[in-house]
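Remarks on the structure that follows.
The values are calculated or read from the model by the stated rules, or taken from the named source; none is laboratory data. As the structure is a prediction and not an experimental result, all values here were calculated from the model. In this analysis, Cβ positions are derived from the backbone assuming ideal geometry, glycine residues included, and neighbour counts consider all displayed protein chains.
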């Protein structure tokens, strides 16, 4: 029997055609793992451009052709043999297979990270009980998960798999978090969709390399339904406060739902609230006088008809740049009010679906999805991405922060010239004043992007400051009124107000804002706070990653939280918290590392830096370093009470 009947019917031509769309590096690693063909390792590699950075890949088309020819021979033989079950190959071959996929050597201390990312074991980041806890102790235990987005859903899946009693509260009417809320035209993920899935989603078939909002929401619904956790979620339920009660060693949680307020107790809180979840609407004089619809992009009206309408978009970040090209096709006219331009990075196929041949390979070439995920993770991991976000203290240039940063800037300027070179005034308005990578890089499709939309007669770019909103438009500082029927705030989120507007009080009634009063939100490894026992954050301060990705970080922090819960259940202790000394030591290291990251450049003004001039959002550590801290924590950094 085979679960690949499609392959049995495939011709040699179909196989060859599909492999022409394969990733050569992923194919090389997979083929070596399946066959042990050492000649694959001899194929030369070179440094090539890879999105926002540089990576190692096969040096010439001849090498890629060799890999594809041998893959075709293997796949034809596999087909002719009945396409049955095939082992992945010996475990001792995997380290070399990882390196052939990456294109460079991998330190032995990091192998486990990348083996996890390979997802041959889809439950590699689950709790592995050291012993079974007493049933009566487990039966009295309860975990409350706040939020049913990417982090909260995974926490629920892992808690259920571990057999730990839990419940989830979600303020929205459905799962998905940001992908439930953000439905503006053009909304799509800017991380590769293959790494925007959990390990157990490695075989989930994404139709696009960078999926749109409906596909992202569909994936999170798949998680909720496939693993049977929807019934554990209380929808339309918002947490108002969480207060630690010392006498019972539990959290008293006040929630509000359509049925009113209630108080419930939990031994452990896992906060999976996103930091980009509370809209930040611009406070503009006269805003209350506007006669038409006015809303934030995260509150997009579901039945809004924009046909023939004049739409004003305030803001020029990632959301605006995604949305404007789509709005131009839906409306009568779009006016973009831009304070600061952003560096855009053209990614081929960003708005396009995968070719059918790519999806065919994922269905029919065993373990190809795994190695493709690994290659994608590597390209978004520390060995590739870190260099793009690192300042060279010896680099002397007023516009850039390192030699690589200068090459990135040159490439982005060339892209702007190619698009806007015949419109010098417009191009001047689209060159950012800050170095690349000091603000969020914006992914665009080369064939049609914000740059193309700005050349349309029905799209205007306004860089004059806004003076006020009028009933029928926006007046700028030069006295001109720009007419509008609809006003859209693409003004981001209250990214630095972590946990807001929830009231969170730890030991002795201490408010979390008191802990963060000096210079904004902080945590130990982004997840624990001193004085707040049994409280874990999955997307806490300084966990916005530049390497490995937000889903991976969330998985690592969930496993860490469950291992601390395991300690409580096995030892009978009632509470665990990080020590104040460990918290402060970690943050001293964090500050020192942040000083060498590009987003510390003072010319960039965005959510990457808070009111105190430091980043409370971005993680300056390598993703592999965070993995080490969470996988092998120092027991002396924690107190079991």
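Restricting attention to the stretch 144-156 and to residues that are touching a helix residue (DSSP H, G or I) at 6+ places or on another chain (Cβ under 7 Å) and part of a helix (DSSP H, G or I), the residue that is farthest from residue 240 (Cα to Cα) turns out to be 154. Going residue by residue through the stretch 125-143, is there one that turns out to be assigned to a loop (DSSP other than H, G, I, E, B), under 26 Å from the mean Cα position of the chain (by Cα), within 15 Å of residue 367 (Cα to Cα) and not assigned by TED's automatic domain parsing to the domain that holds residue 377? No, the stretch 125-143 has no match at all. The set of residues from the stretch 419-432 being surrounded by fewer than 20 Cβ atoms within 10 Å (Cβ to Cβ) and either assigned to a helix (DSSP H, G or I) or modelled with pLDDT of 95 or more (or both) comprises 422, 423, 424, 425, 426, 427, 428, 429, 431, 432.
Counting the residues of the stretch 613-630 that are more than 11 Å from residue 542 (Cα to Cα) and in a loop (DSSP other than H, G, I, E, B) gives 2. Which condition breaks for residue 552 when tested against (1) touching a helix residue (DSSP H, G or I) at 6+ places or on another chain (Cβ under 7 Å); (2) modelled with pLDDT of 95 or more; (3) within 24 Å of residue 237 (Cβ to Cβ)? If we test residue 552 against (1) touching a helix residue (DSSP H, G or I) at 6+ places or on another chain (Cβ under 7 Å); (2) modelled with pLDDT of 95 or more; (3) within 24 Å of residue 237 (Cβ to Cβ), just (3) comes out false. For the stretch 157-167, the condition of being over 16 Å from the mean Cα position of the chain (by Cα), in contact (Cβ under 8 Å) with a residue 60 or more places away in the chain and part of a loop (DSSP other than H, G, I, E, B) holds for at least one residue. If a residue must be touching a helix residue (DSSP H, G or I) at 6+ places or on another chain (Cβ under 7 Å) and in a helix (DSSP H, G or I), how many such residues does the stretch 275-322 contain? Number of matching residues: 4.
Somewhere in the stretch 61-72, is a residue within 21 Å of residue 88 (Cβ to Cβ), more than 33 Å from the chain's Cα centre (by Cα), modelled with pLDDT of 95 or more and not assigned by TED's automatic domain parsing to the domain that holds residue 547?
Applying the first criterion (within 21 Å of residue 88 (Cβ to Cβ)) to the stretch 61-72 yields 67-68, 70-72.
Applying the additional criterion that residues be more than 33 Å from the chain's Cα centre (by Cα) yields 70, 72.
Add one more test, that the residue is modelled with pLDDT of 95 or more, and what stays is 70, 72.
Still in the running and not assigned by TED's automatic domain parsing to the domain that holds residue 547: 70, 72.
Checked against the condition, which is being within 21 Å of residue 88 (Cβ to Cβ), more than 33 Å from the chain's Cα centre (by Cα), modelled with pLDDT of 95 or more and not assigned by TED's automatic domain parsing to the domain that holds residue 547, the stretch 61-72 yields at least one hit.
Using the structure shown, decide if residue 30 is under 25 Å from residue 382 (Cβ atoms), out of contact with any helix residue (DSSP H, G or I) (no Cβ under 6 Å at 6 or more places or on another chain) and in a helix (DSSP H, G or I).
It is false that residue 30 is under 25 Å from residue 382 (Cβ atoms), out of contact with any helix residue (DSSP H, G or I) (no Cβ under 6 Å at 6 or more places or on another chain) and in a helix (DSSP H, G or I).
Just to be sure before I move on: is residue 455 assigned to a loop (DSSP other than H, G, I, E, B), closer than 19 Å to residue 328 by Cβ and modelled with pLDDT of 95 or more in the structure I sent? Judged against the criteria, residue 455 is a match.
Of the residues making up the stretch 589-600, not a single one is more than 22 Å from residue 495 (Cα to Cα), surrounded by fewer than 21 Cβ atoms within 10 Å (Cβ to Cβ), touching a helix residue (DSSP H, G or I) at 6+ places or on another chain (Cβ under 6 Å) and at pLDDT 95 or above. Return the only residue of 120, 150 being at pLDDT 95 or above, buried (at least 21 other Cβ atoms within 10 Å of the Cβ) and out of contact with any strand residue (DSSP E or B) (no Cβ under 8 Å at 6 or more places or on another chain). None of the others qualify; the one that does is 150.
Of all residue pairs spaced 6 or more apart or on separate chains, those with beta-carbon atoms under 7 Å, a first member in the stretch 218-245 that is assigned by TED's automatic domain parsing to the domain that holds residue 162 and a second member that is in a loop (DSSP other than H, G, I, E, B) and surrounded by fewer than 16 Cβ atoms within 10 Å (Cβ to Cβ) are 235/173; 236/173; 236/258. If you go through the stretch 416-438 and keep only what is over 25 Å from residue 602 (Cα atoms) and either in contact with a strand residue (DSSP E or B) (Cβ under 6 Å, 6 or more places away or on another chain) or free of Cβ contacts under 8 Å to residues at least 12 places away in the same chain (or both), you end up with 417, 418, 421, 422, 424, 425. Please tell me if residue 103 is within 26 Å of residue 32 (Cα to Cα) and modelled with pLDDT of 95 or more. Judged against the criteria, residue 103 is a match. Does residue 602 meet the test of being under 26 Å from the mean Cα position of the chain (by Cα), free of Cβ contacts under 8 Å to residues at least 40 places away in the same chain, closer than 29 Å to residue 319 by Cα and part of a loop (DSSP other than H, G, I, E, B)? Yes: the conditions hold for residue 602.
Listed here are the residues, each with its yes/no results for (1) over 18 Å from residue 242 (Cβ atoms); (2) assigned to a loop (DSSP other than H, G, I, E, B).
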{"residue": "518", "(1), (2)": "yes, yes"}
{"residue": "521", "(1), (2)": "no, yes"}
{"residue": "533", "(1), (2)": "no, yes"}
{"residue": "536", "(1), (2)": "no, no"}
{"residue": "553", "(1), (2)": "yes, no"}
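Quick one: is residue 640 closer than 30 Å to residue 247 by Cα, surrounded by 17 or more Cβ atoms within 10 Å (Cβ to Cβ) and in contact (Cβ under 8 Å) with a residue 60 or more places away in the chain? For residue 640, the condition - closer than 30 Å to residue 247 by Cα, surrounded by 17 or more Cβ atoms within 10 Å (Cβ to Cβ) and in contact (Cβ under 8 Å) with a residue 60 or more places away in the chain - is not met.
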